[in-house]
Amino acid sequence: MKASRRNRHAREKSGGGPRTDEPQTHRGATAWLSVAIAAIVFIAFLPCLSNDFNYDDEKNILENRDFRGLGISNLRWMFTTFHMGHYQPLSWVTLGLDYVIWGKNPRGYHLTNLLLHAANAVLVLLIARRLLNLGMGNAIRRSAVDAGAFIAALLFAVHPLRVESVAWVTERRDVLSSFFLLATVLLYFRANEAAGQSRRKLLAAAVAAFLLSLLSRAMGVTLPLILLVLDVYPLQRLGGGRGYVNRAVRGVWLEKIPFIALAAAAAILAPIAQKDVGAAIELSRHGMDGRIAQAAYGLVFYIYKSLLPLNLSPIYELRLPLNVLAAKYIVSAIVLLGLTATVALLRRRFPALAAVALCHVIFLLPVLGFAQSGPQEVADRYSYLPAIGWSILIGGIAAFVWTRPIHNVRPVVGVASTVIVVTLCVLTWRQCLVWRSALTLWTHATRNGPPAASAHYNLACALAKSGDKQAAIGEFHKAIDVNPVFASAHYNLSNTLYETGRVEDAILGYRRVLELDRHFGRAHYELGRVFGEQRRYQQAKEEYRAAIRVAPSLVKAYINLGVIVAQQDKDHAAAMDLYRQALAIRPNHRDALYNMAISLDAVGRTDEAVSYYRDTIRADASFPDARINLGNILARRGQTTEALAEYQAALRIAPNHPVARANYEGLSRQQSK
């Protein structure tokens, strides 16, 4: 008995709460519930496994060579890059592992996302059980707690608002960071139930899990505030009779220091990453009044869409300048004030409602628009973490009703829960099919979502890639009708016009792009390419130089300018200087290496030319022209066997290549004589 009192005293002194150790039989029930949840999640999201890469996956996965593998150079890039405006090294590591296993097969990437989401659902189950035990104590039986936690996990996991986070490979950062964040919360609860050395180890593990979450994505940066809310209710380590600022609760505050330090570091990195891609919107374009209106709308939007998840869209576009007197902002403000007043009035009688509402606001703080970045006003994926609290609250209500002495109450709760979960599963299945391909996604967005220039633009790009150029042109025009100053829409419209033979219209389009954005280097580059193909070399050179001036990292501009300088001006020294500048930006760029070799050979520096041709082949082993040119040099040197080997290698790559065939046959005849 004395030992028992000492242990209880130690827990109280450290701020610990009641223990929730499980007997062996209950751990077995937990395992079965976990398996059931994972199975239901897999069924609901099964169509995702047949989906293609989508949206930003093209830039992050298909066009991105840096993440492909887990070598030293890959890992160095992952831990130092702000690619596409995010610092997410751990997410890149998992994507690199996917590449090692699956290559470019999207099924494997989707499977990993789905596995992580299923794991998150199980973590929500475990957290919900602890919260329901803490919040309701002996008011409900263990079977009711299990039922409530099971309902909570499913309401969170199979809701169609989760589809964007699961079906979009780029949002690996969402499901991965949430996995570690939920693990952090679970470890924090377990630390609260422990004492002494065990407690310190669990807290250290929670801090480590939080670090892993932030290394996956900075969305959980507000977790220290969430932990303080949990300390107030249901843990009751702050407030009430214990107070908020005194010696008795000093340990509660001190243990938050590591969490706050990590959150502060992530909060510093996040805007730097966004600045790297120019995604942040300045106050001069989007004033504070507009940001407040946007925040009010966002807070209500995620609750509304959770209750009525219809007409979901991959883009809810922010239209600037924002009209703060528009109906949706006025209505949102009124609803928000009403909800806030209701929560405030009920905070003592129903503290769980106040805690969940506060967590809803805290989780959304980074994405409410106060530090607006990107074109979206709101996004389905931002509901991932805020939805957890509401799901657990509903699960708690179901558990409480489950135990009421009312005739047939359990069948009613069971049937109602089943109907809701099945309905959500059906909606989720359908929403997964929306993400099947770029064409299905953006066709859905233009037909079902709010008017958005980005939706028409992305549909146009998908149509252009599928070969339907005329339909693409129509969608580009629709995007421009919604947003006349959408420079990228004008740019890609011009590209498509050029591809359909409307060269002069394309040139006018590129000029329009530069009127809208004089720093749009790719428009200068495309003008240079068009003029070069028309043999208007002086104009081409002017445009390439302009592209280099406004976009110094545009490698192809250096290379194409170098080719004109070498071929038309016969100035190989100047051309080689341009190729060197390109290689300083991209050391293994195939075309820069190849054209450097051509110029070196032209000025008689054949040894160096051979070296650059071999570098070109290492950069792209499937490039036949480098092997042919290398074979030509070797043939001139009398190295017939080596030259024939290069021609043969070129023919293995391109069996019908006329130059490779002619050179091989000609040299073979010479050798036979």
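The values are calculated or read from the model by the stated rules, or taken from the named source; none is laboratory data. What you are looking at is a predicted structure, and each value in this text was computed from that prediction instead of being measured. Cβ: placed from backbone, ideal geometry, glycine included. Neighbour counts: every protein chain shown. Quick note on the areas: whole protein, heavy atoms, side chains included, nothing else; ligands and nucleic acids left out. Shrake-Rupley method; radii C 1.70, N 1.55, O 1.52, S 1.80 Å.
List of remarks:
- ARG162 charged (D, E, K, R), under 29 Å from the mean Cα position of the chain (by Cα), modelled with pLDDT of 95 or more and buried (at least 24 other Cβ atoms within 10 Å of the Cβ): yes
- Considering segment 540-556, and only residues there that are of a type in the set (Gly, Ala, Ser) and closer than 16 Å to TYR510 by Cα, the residue that is nearest to the chain's Cα centre (by Cα) turns out to be ALA551.
- In segment 268-277, the count of residues that are open to solvent by 50 Å² or more (accessible area, probe 1.4 Å), free of Cβ contacts under 8 Å to residues at least 60 places away in the same chain and closer than 29 Å to GLN88 by Cα is one or more.
- Scanning segment 222-239 for residues that are in a helix (DSSP H, G or I) and open to solvent by less than 30 Å² (accessible area, probe 1.4 Å) yields THR222, LEU223, PRO224, ILE226, LEU227, VAL229, LEU230, ASP231.
- Among the residues of segment 154-205, those identified as over 30 Å from LEU312 (Cα atoms), part of a helix (DSSP H, G or I) and among the small types (Gly, Ala, Ser) are ALA191, GLY196, SER198, ALA204, ALA205.
- Of the residues examined, LYS275 is not one that is in contact with a helix residue (DSSP H, G or I) (Cβ under 8 Å, 6 or more places away or on another chain) and part of a helix (DSSP H, G or I).
- Contacts under 6 angstrom Cβ, first residue in segment 652-673 being open to solvent by 60 Å² or more (accessible area, probe 1.4 Å), partner outside any helix (DSSP H, G or I) and of a type in the set (S, T, N, Q), 6 or more apart: ILE653/SER622
- Applying the criterion of being farther than 12 Å from GLU543 by Cα and among the aliphatic types (A, V, I, L, M) to the residues of segment 508-527, the residue that is least open to solvent (accessible area, probe 1.4 Å) is VAL513.
- One residue from GLY135, GLY148 being in a helix (DSSP H, G or I) and touching a Pro at 6+ places or on another chain (Cβ under 6 Å): GLY135
- Scanning segment 519-567 for residues that are among the aromatic types (Phe, Trp, Tyr) and within 17 Å of ASN595 (Cα to Cα) yields TYR544, TYR558.
- Single residue of VAL124, VAL169 found to be touching a residue at least 12 places away in the same chain (Cβ under 8 Å) and within 15 Å of the chain's Cα centre (by Cα): VAL169
- Filter result (of a type in the set (Lys, Arg) and within 26 Å of ALA540 (Cβ to Cβ)) within segment 565-618: LYS570, ARG580, ARG586, ARG590
- Among the residues making up segment 438-476, those that are among the small types (Gly, Ala, Ser), closer than 18 Å to LEU62 by Cβ and open to solvent by less than 20 Å² (accessible area, probe 1.4 Å) are ALA462, ALA464.
- Residues within segment 352-377 that are among the β-branched types (Val, Ile, Thr) and modelled with pLDDT under 95, tallied: 1
- The set of residues from segment 92-129 being among the basic types (Lys, Arg) and surrounded by fewer than 24 Cβ atoms within 10 Å (Cβ to Cβ) comprises LYS104, ARG107.
- ALA44 satisfies every condition listed in (1) of a type outside the set (D, E, K, R); (2) surrounded by fewer than 20 Cβ atoms within 10 Å (Cβ to Cβ); (3) under 30 Å from SER466 (Cβ atoms); (4) in contact (Cβ under 8 Å) with a residue 12 or more places away in the chain except (2).
- Scanning segment 496-507 for residues that are open to solvent by 20 Å² or more (accessible area, probe 1.4 Å), outside any loop (DSSP other than H, G, I, E, B) and closer than 20 Å to GLY467 by Cα yields a count of 4.
For every residue, the table says whether it meets (1) within 29 Å of TYR297 (Cα to Cα); (2) surrounded by fewer than 14 Cβ atoms within 10 Å (Cβ to Cβ).
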position: LEU385; (1), (2): yes, no
position: SER391; (1), (2): yes, no
position: ASN408; (1), (2): no, yes
position: THR418; (1), (2): no, yes
position: LEU427; (1), (2): yes, no
position: LEU433; (1), (2): yes, no
position: ARG436; (1), (2): no, no
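- In segment 319-341, residue farthest from GLY240 (Cα to Cα) [restricted to those that are among the polar types (S, T, N, Q) and surrounded by 13 or more Cβ atoms within 10 Å (Cβ to Cβ)]: SER332
- Index of the failed condition, ASP615 passing every other in (1) within 16 Å of ASN595 (Cβ to Cβ); (2) among the acidic types (Asp, Glu); (3) surrounded by fewer than 18 Cβ atoms within 10 Å (Cβ to Cβ): (3)
- Checking each residue in segment 191-207 for being of a type in the set (Lys, Arg) and surrounded by fewer than 19 Cβ atoms within 10 Å (Cβ to Cβ) picks out ARG200, LYS201.
- Positions within segment 240-259 being at pLDDT 90 or above and either open to solvent by 90 Å² or more (accessible area, probe 1.4 Å) or on the phi > 0 side of the Ramachandran plot (or both), in sequence order: ARG250, TRP253, LEU254, ILE257
- Residue within segment 590-605 that is open to solvent by 50 Å² or more (accessible area, probe 1.4 Å) and under 20 Å from ALA506 (Cβ atoms) present: no
- Scan of segment 545-561 for residues that are assigned to a helix (DSSP H, G or I) and either without any contact (Cβ under 8 Å) to a residue 12 or more places away in the chain or open to solvent by 10 Å² or more (accessible area, probe 1.4 Å) (or both), ordered by number: ARG545, ILE548, ARG549, VAL550, VAL555, LYS556, TYR558, ASN560
- Beta carbons closer than 9 Å, at least 6 apart along the sequence or on distinct chains, pair a first residue in segment 500-521 that is without any contact (Cβ under 8 Å) to a residue 60 or more places away in the chain and farther than 21 Å from VAL550 by Cα with a second that is open to solvent by 20 Å² or more (accessible area, probe 1.4 Å) and not in a helix (DSSP H, G or I) for VAL503/GLN534.
- Meets criteria (at pLDDT below 95, among the small types (Gly, Ala, Ser) and closer than 22 Å to PRO106 by Cβ) for GLY28: no
- Residue list for segment 240-260, restricted to those being touching a helix residue (DSSP H, G or I) at 6+ places or on another chain (Cβ under 7 Å), part of a loop (DSSP other than H, G, I, E, B) and not basic (Lys, Arg): GLY243, GLU255
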